[in-house]
Amino acid sequence: MLAIYRKEVNSYLNSLIAYVVMAVFLTGTGLLMWVFPDTGVLSYGFADLSTLFTLGPYVFMFLIPAITMRSFAEERKAGTMELILTQPVADWQLVLGKYFAAWTIVVFTLIPTLVYYISVYQLGNPVGNLDSAGIAGSYIGLILLGGVFTAVGIFASSLTENQVIAFILAAFLCFLLYTGFSSLAGLEAWGDSTLLIEKFGILYHYDSMSRGLIDSRNLLYFITVTTLMLLLTQLVLNSRKW
């Protein structure tokens, strides 16, 4: 698995994909936080990073599929997928190697945003008047969210050899998992089951972590959804062998 992980990370870093994704994410979130008046920190008159953690997931919905769309789709299109599957490497090692490599790129993308935290920290009145615990929880939530979206992207890439289709499918699934259940729960027909339905969606658990509440149930949710997506990916790979 480590060999696959290193190979995939080097592949990302030796191409323009990782750098373009990082640049787009940082530029987009930077404009939203500091330039655009409707979402900018300077327009609100108080120091926080809510813009990053509220709009960041929607940016991730498009950028993470751009990272993962080539994971298996490119292998299948190039005809190297069959060769890889015949190697003495278990399917789960192949899936995890590609998954952790893509997730690493996602985490690296978030690291430069710590500059935003330092900037807002200094802008506080007095300096440091900032909910650091809440921000730490939000970062953990955003990292875990990135892990779920990465697993979804890896799964979508295993379904097709067309990278564009893999991108569109992954973006749709990410959007559906993130906001779909919350929107569905908004229907009056569910009655007392509204909260239960909402808990199936990512948004409910992500919002809890964004408030600095690192609950084991939220962590278990993210781990479960990620594991489910990776298991589905392994099932797809197993079906390709027959």
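With contributions of -39500 (n - 2.57) from each DSSP H run of at least four residues, the per-residue ellipticity at 222 nm computed over the chain stands at -23500 deg cm²/dmol.
Between Asp131 and Val35, 0.36 nm times their residue separation minus their Cα-Cα distance comes to what?
So the chain would gain 32.3 nm between Asp131 and Val35.
Normalised by the number of residues in the range 2-240, the mean separation of alpha-carbon contacts (under 8 Å, six or more apart) gives a relative contact order of 25 percent. All distinct Cα pairs of the chain go into the 1/r average, and the inverse of that average, the Kirkwood radius, is 19.0 Å. At an R0 of 35 angstrom, the distance between the Cβ atoms of Ile223 and Ser119 translates into a FRET efficiency of 0.60.
Taking Val59, Val148, Val225 as the candidate residues, the one with maximal mean-square fluctuation in a Gaussian network model of the chain, Cα springs under 10 Å, is Val59.
Highest mean packing comes first when the peptides 99-111, 194-206 are listed by Cβ atoms within 10 Å, giving 99-111, 194-206. Stretching Ala23 away from Leu2 to a fully extended chain increases their span by 4.8 nm, per 0.36 nm per residue minus the current alpha-carbon distance.
Each value in this text was obtained by applying a stated rule to the coordinates, not by laboratory testing. Predicted, not measured: the structure shown is a model, and the values here were computed from it. Cβ: placed from backbone, ideal geometry, glycine included. Neighbour counts: every protein chain shown.
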